[in-house]
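The values are calculated or read from the model by the stated rules, or taken from the named source; none is laboratory data. As the structure is a prediction and not an experimental result, all values here were calculated from the model. Please note: Cβ atoms are built from the backbone with ideal geometry, for glycine as well, and neighbour counts cover all protein chains shown.
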C-alpha cells in the first residue's frame, strides 16, 4: 500500500532555531515529491523535487530528496513566528495526478 | 489571476442528507482533484478529473461522486451523509494534470450532525 509518513508530528521551537522536517515514502512508480505549507487556509506550494541529491532553496527554506532511501527533508533556518504552520509532504505516483499526503508536521515557533 | 475558488466555505448537514460542493479552478487549468482532510487521516485523495473525464479515484465509498464540466469547473457530491464525513474538502487544480504543482482552494468545511 502506498504511504507517506512525516515526522515529527509536531514541533515547538524558539525563534532563530533551525528545524528539520522528515518525509519518508513508499509509493509505486514515484514521479515527484512536493512540500506544502498550510496555515489556517489553503496549502501553499513550497518545493517540488524529482531528482535525488539536488537541493532546492527558497530563502531560509531548503529541501532535498533521496530516491534511494525514499525520503526527503525540509530545513528551515533562523525560524520566525510566521513559519508556524503545518508542513505537508505529498508524493505523486504514476496514476494520473494522484498525490499521497502525509499527515503533516505541525510547527510552532515561539517568540 | 484568480485562484481556486470553492463554495460553500462552510456548511452544516444532518446524517442522511446529501451535499454538493463546487470548485472553480484557475483559468486555463484542466485538471481538478479533490481531497478530504481530517485531523487523524491527513489529506486523502478522492478523485481527479481532466477534460471532463474521471481519470483516477481514491478508496472512498460510492456515496462520494464528482463530475467536471466543459469549463473545467467541478462538483463533488456526497450522498447519505455520515458523521465521519465531517471534514475539510479541498479542491486542487493543475495545468495539465501531470507532474507539477497543485494549486489548492481554501476548502469547504462540512460538519455532519
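Give the residue that is nearest to residue B:92 (Cα to Cα), with candidates limited to residues of the range B:31-71 that are within 13 Å of the chain's Cα centre (by Cα) and in a loop (DSSP other than H, G, I, E, B). Applying the filter and picking the extreme gives B:58.
Restricting the range B:57-68 to residues that are under 15 Å from residue B:36 (Cα atoms) and surrounded by 14 or more Cβ atoms within 10 Å (Cβ to Cβ) leaves a set whose member that is nearest to the other protein chains (Cβ to nearest Cβ) is B:58.
Each residue in the range A:85-103 was checked for being part of a loop (DSSP other than H, G, I, E, B) and either free of Cβ contacts under 8 Å to residues at least 40 places away in the same chain or buried (at least 23 other Cβ atoms within 10 Å of the Cβ) (or both), and 4 pass. Quick one: would you say residue B:81 is more than 19 Å from residue A:91 (Cα to Cα), more than 10 Å from chain A (Cβ to nearest Cβ), at pLDDT 95 or above and not in a strand (DSSP E or B)? When the stated conditions are applied, residue B:81 passes them.
Looking across the range B:60-88, the residues that are closer than 14 Å to residue B:47 by Cα and without any contact (Cβ under 8 Å) to a residue 12 or more places away in the chain come down to B:61, B:62.
Tallying residues that are in contact (Cβ under 8 Å) with a residue 40 or more places away in the chain, at negative phi and more than 12 Å from the chain's Cα centre (by Cα) within the range B:10-30 yields 11.
Annotation note: of A:110, A:64, A:54, the sole residue that is over 20 Å from residue B:103 (Cα atoms), more than 9 Å from every other protein chain (Cβ to nearest Cβ) and buried (at least 17 other Cβ atoms within 10 Å of the Cβ) is A:64. Residues of the range A:58-81 that are free of Cβ contacts under 8 Å to residues at least 40 places away in the same chain, within 19 Å of residue A:43 (Cα to Cα) and in contact with a strand residue (DSSP E or B) (Cβ under 8 Å, 6 or more places away or on another chain): A:58, A:60, A:61, A:62, A:63. Restricting attention to the range B:16-29, does a residue exist that is facing chain A (nearest Cβ under 9 Å) and more than 23 Å from residue B:83 (Cα to Cα)? Scanning the range B:16-29, I find no residue that is facing chain A (nearest Cβ under 9 Å) and more than 23 Å from residue B:83 (Cα to Cα), so the answer is no.
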